[in-house]
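Just so it is clear, none of the values below were taken in a lab; they were calculated from the coordinates. Note that the coordinates shown come from a computational prediction; the quantities given were computed from them, not determined experimentally. Heads up, the Cβs are rebuilt from the backbone with ideal geometry, glycines too, and the neighbour counts pull from every protein chain shown.
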Amino acid sequence: MGAGHGPRPRCRMSVRIKVDALTPTIELGLREARHLQVLRLGPGAVLRVFDGQGQEAEATLTELSELGAVLALGAGVQATAETPQPVTLAIALLKGDKLSDVTRAATELGVARIQLLLTRHADVREIGTQKLLRLRRVAEEASKQSRRAVTPELLEPISIADLSWSGTLFLAHPGSRALITDHLNWNAPITVLTGPEGGFSDAEVAQLQERGAVAVTLGPRILRAETAPIALLGAIVATGV
Ligand code: SAM
């Protein structure tokens, strides 16, 4: 075979691999090894690894075969794609596959956590294990694609009454007067909360406000339940660069 046809060492910082932990030696399975072969990388290639919890480092490929690959951990890298404080999206269960689209976009927008919620007017009352796993995969893919070192946690549904938070909780509710910008504080964590297709009940809004939540407007138009979280997150994270 002539020069340039076989796998060769290359510096591929754009290749990012999610690993369980940043240990001195990292073993990869079949799927990742296949991916590296498709990219025609060989021993000596330098790439990036991240653990999904904010740690990122360079790593050198030392072995690659049909069965797996081995990486040697290199220098740590400052993860730069995260918000100044963790942002949590708390969202009511939605119909169909809408939560996949919301999860993908919310991950790109930098959320650290997605807390699913059961609310009074939600038509959907539960989420199956398979669907939850699928949402977690969507979050992992979106986090890789957007070059984040954090994969958002996707937490099983809890009742809205059990939602707890620290810092600011923005509750999007049509007809509210408060503006996000008047209450934004990047010195503490931020939680954003949006409702299901049928909206929040008056009691849900009142109880959250009693606990300190800020009910904010997203403008005079009624947004769909899958659009509202993205509008709210976009308005917030664009100020936190
Ligand atoms: N008829 C419902 C109501 O009045 O609440 C509409 C619900 S809307 C389709 C779904 C969710 O999106 C709402 O619960 C709210 O969280 C958010 N939302 C939609 N438009 C909004 C707006 N203009 N301001 C604030 N929140 C909004």
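Applying 0.36 nm per residue to the separation of Glu27 and Arg136 and subtracting their alpha-carbon distance, the gain on full extension is 37.0 nm. Simple point charges give the picture: +1 on the Cβ of Lys and Arg, -1 on the Cβ of Asp and Glu, and for the chain a dipole about the Cα centre of about 720 debye. Placing dummy labels 7 Å off each Cα toward the beta-carbon, the span from Arg224 to Gln53 is 3.7 nm. A Förster radius of 22 Å, combined with the Cβ-Cβ distance separating Asn185 from Arg211, puts the computed FRET efficiency at roughly 0.85. Classify the range 86-168 as rounded, prolate or oblate, taking a ≥ b ≥ c as the square roots of the eigenvalues of its Cα gyration tensor: rounded when a/c is under 1.5, otherwise prolate if a/b is larger than b/c and oblate if not. Oblate. Calculated mean residue ellipticity, 222 nm, the chain: -7500 deg cm²/dmol, from DSSP H runs (n ≥ 4) at -39500 (n - 2.57) each, averaged per residue and rounded to 500. Quick check for you: which residues of the range 202-225 have the amide N under 13 Å from the point 7 Å beyond the Cα of Ser159 toward its beta carbon? So the set is 204. With all projection directions averaged, the alpha carbon convex hull of the range 108-241 covers 8.3 nm².
For Lys95, a cut-off of 29 angstrom between C-alpha atoms picks up these lysines, skipping any fewer than 8 places away in its own chain: Lys131, Lys144.
Packing, as the average of other Cβ atoms within 10 Å across residues, places the peptides 232-238, 46-52, 76-82 in the order 46-52, 232-238, 76-82, highest first. Give me the net charge of Gly68's neighbourhood, meaning all other residues with Cβ under 13 Å from the Cβ of Gly68; Lys, Arg count +1, Asp, Glu -1. Local net charge: -2. Are there GluC sites (Glu not before Pro) in the range 88-147 that DSSP marks as loop and that have at most 12 other Cβ atoms within 10 Å, and which are they? Here the sparse-neighbourhood loop sites are Glu126.
With the simple spin-label model, which puts each label point 7 Å out from Cα in the Cβ direction, the Glu66 to Ala81 separation comes to 3.4 nm.
Dividing the alpha-carbon radius of gyration of the chain by the rule-of-thumb value 2.2 N^0.38 Å gives 1.19.
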